[in-house]
Amino acid sequence: MKHAHFDCVSGIAGDMALGALVSSGWPAAELQELPCRLHLDGVAIEVANVRRGAFAATHVTVRSAEEHPHRHLHHVEAILERAELPAAVRDRAKQVFRRLAEAEAEVHGTTVHKVHFHEVGAVDAIVDIAGTLLGLHALGVGSVSASALPLGGGFVDSSHGRIPVPAPATALLLRGAPVRGGPVEAELVTPTGAALLATLAGSWGAPPAFRLMAAPS
């Protein structure tokens, strides 16, 4: 099995993870089929080759006509149960969402069954999480590590109004992980990205010794 190391020099979010997996050899067409496998109507995934400074990169955007609904955990789990996904991917996606629910419940002083998912209950978060796990599965990745995370700083607008960075749920999800502030005033680690790495990463810091493999052309 392969090992994947997330070198999060600019933080981590779901769309960033998807772009990295496509750049690593996961066919973009398989990612773009995901809304159909999740039975999510009116959702499309755009994959574009872009440039960031002097470097080529892959940019992923999830397009949806739906507004952010107030889903509960059982609504998300029902979507995953109906989805055409490998059992291991489905089960791990449930684990990621449960960690999100636990963090949100702690922040709001409620239970995982009563907590509302706002932004993270939207279809883009479901696609980001299920897609990241499906991409790792398709590439044969059996273990994951991650670098220390730059959190950014300042404030960000949310469904609860203006909140500090990192968002409270993000901070709870990353308890025990190596983090640092800055280097810019922006949200560099989203709750979705934090939940993915908090669930997947078996170790933090420098990557283990490995051989660099070229992505298929």
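The values are calculated or read from the model by the stated rules, or taken from the named source; none is laboratory data. Owing to the predicted nature of the structure, the values given are computational and were not obtained by experimental measurement. Don't worry about glycine lacking a Cβ; one is built from the backbone with ideal geometry, like all the others, and counts go over all protein chains shown.
Summary of computed values
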quantity: Sole exception among (1) in contact with a Gly (Cβ under 8 Å, 6 or more places away or on another chain); (2) in a helix (DSSP H, G or I) for Thr199, by number; calculated: (1)
quantity: Any hit, the stretch 91-98, residues being without any contact (Cβ under 8 Å) to a residue 12 or more places away in the chain, more than 17 Å from Ala195 (Cβ to Cβ), out of contact with any Phe, Trp or Tyr (no Cβ under 9 Å at 6 or more places or on another chain) and assigned to a helix (DSSP H, G or I); calculated: no
quantity: Residue in the stretch 148-167 that is over 13 Å from the mean Cα position of the chain (by Cα) and hydroxyl-bearing (Ser, Thr, Tyr) present; calculated: yes
quantity: Count of residues meeting criterion [surrounded by 12 or more Cβ atoms within 10 Å (Cβ to Cβ), closer than 20 Å to Trp26 by Cβ and not aliphatic (A, V, I, L, M)] in the stretch 47-67; calculated: 4
quantity: Count of residues meeting criterion [on the phi > 0 side of the Ramachandran plot and in a loop (DSSP other than H, G, I, E, B)] in the stretch 155-178; calculated: 1
quantity: Residue check, Ala88 at pLDDT 95 or above and surrounded by fewer than 16 Cβ atoms within 10 Å (Cβ to Cβ); calculated: yes
quantity: Wholly within the stretch 1-66, helices (runs of 4 or more DSSP H) carrying at least 2 residues that are within 22 Å of Ser147 (Cα to Cα); calculated: 14-23
quantity: Selection within the stretch 179-196 - part of a helix (DSSP H, G or I) and of a type in the set (A, V, I, L, M); calculated: Ala194, Ala195, Leu196
quantity: Output for the stretch 31-42, where each listed residue is of a type outside the set (Lys, Arg) and over 17 Å from the mean Cα position of the chain (by Cα); calculated: Glu33, Cys36, His39, Leu40, Asp41, Gly42
quantity: Count of residues meeting criterion [farther than 16 Å from Gly140 by Cα and surrounded by 15 or more Cβ atoms within 10 Å (Cβ to Cβ)] in the stretch 1-27; calculated: 9
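To keep it simple, each residue is scored yes or no on (1) surrounded by fewer than 21 Cβ atoms within 10 Å (Cβ to Cβ); (2) free of Cβ contacts under 8 Å to residues at least 12 places away in the same chain; (3) more than 26 Å from Lys2 (Cα to Cα).
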residue	(1), (2), (3)
Thr111	yes, yes, yes
Leu133	no, no, no
Ser147	yes, no, no
Ser158	yes, no, yes
Val165	yes, no, yes
Ala169	no, no, yes
Val184	yes, no, yes
